[in-house]
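Here's the structure we're looking at; comments come further down.
The values are calculated or read from the model by the stated rules, or taken from the named source; none is laboratory data. Small disclaimer: the values here were computed from a predicted structure and weren't measured. Backbone-built Cβ (ideal geometry, glycine too); neighbour counts: all protein chains shown. Note: accessible area is taken over every heavy atom of the protein model, side chains too, but ligands, DNA and RNA are not part of it. Shrake-Rupley method; radii C 1.70, N 1.55, O 1.52, S 1.80 Å.
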Amino acid sequence: PIDRVVPYLGFEDQLNEKYRLKKTFVAEAFLTFFTELMGTCVIGYRTANNGDMFHDIHPMRALAHTPSQKTVDTIRFHADIPNNRVRPDWVYLLSMRNSPINQVYTVFVRLSDVFRYLDPKVYDTLCQPIFYSPRDTIHVYGGQPDGYTPLKPIVTFERGHTFLAYFEGNTTSKSAEGQLAIQALDKLLHQFGY
């Protein structure tokens, strides 16, 4: 269920083009309906796309080679939602248009698989606050200053759930033990990607 006419957006300032060109919101209505059926809610961040609750995953020249929804590059495994102050329980994606010459796919990994096969010593290391990510290459919403995220664990626990606060290729550690744990995690992520 998508709009009959999905406007083509440019490579420079697609957010303002969307505001100017988009006249119907069938896809957004469907996603909102779906979130209600799933018992979740739609949230937005004031610091991301003017607080929009729906985001176009669309290339932008200024962010073309960043690990963001505006890239033209491959986005690696990530679960960066726990880096945000307010975290959604789910992220829903709806594909509205894709060129047949592109190879676009989304790969996911079940955390149950990762945790089942992760060496207990590596798991314990991933629970230590010895990891960080550069803020200029990872989106951390909530108005934090530039630089690096505070030292944090990759495996985090909140509201009765276990999360990964991780972005492959960005999250790092100054300790050798932390770097080895990241290598082991990356290996499992690629082994169990669906």
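From the list Thr156, Thr125, which residue is outside any loop (DSSP other than H, G, I, E, B), touching a helix residue (DSSP H, G or I) at 6+ places or on another chain (Cβ under 7 Å), open to solvent by less than 50 Å² (accessible area, probe 1.4 Å) and at pLDDT below 90? If you could, list the steps in order and put the result at the bottom.
Working: Thr125 fails: at pLDDT below 90.
So the residue among Thr156, Thr125 that is outside any loop (DSSP other than H, G, I, E, B), touching a helix residue (DSSP H, G or I) at 6+ places or on another chain (Cβ under 7 Å), open to solvent by less than 50 Å² (accessible area, probe 1.4 Å) and at pLDDT below 90 is Thr156.
Considering (1) among the polar types (S, T, N, Q); (2) in a helix (DSSP H, G or I); (3) within 25 Å of Ser133 (Cα to Cα); (4) open to solvent by less than 80 Å² (accessible area, probe 1.4 Å), the lone condition that Asn50 does not fulfil carries the number (4).
Residues checked against (1) under 30 Å from Lys187 (Cα atoms); (2) touching a residue at least 40 places away in the same chain (Cβ under 8 Å):
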| position | (1), (2) |
| --- | --- |
| Lys23 | no, no |
| Glu28 | no, no |
| Leu31 | no, yes |
| Leu63 | yes, no |
| His78 | yes, yes |
| Ile130 | yes, yes |
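Asp56 fulfils the conditions (1) assigned to a loop (DSSP other than H, G, I, E, B); (2) open to solvent by 70 Å² or more (accessible area, probe 1.4 Å) except for a single criterion, (2).
Among the listed residues Lys18, Lys23, Lys70, identify the single one that is under 15 Å from the mean Cα position of the chain (by Cα) and either of a type in the set (Lys, Arg) or outside any helix (DSSP H, G or I) (or both). If you could, list the steps in order and put the result at the bottom.
Working: Lys18 fails: under 15 Å from the mean Cα position of the chain (by Cα); Lys23 fails: under 15 Å from the mean Cα position of the chain (by Cα).
Answer to the check: Lys70.
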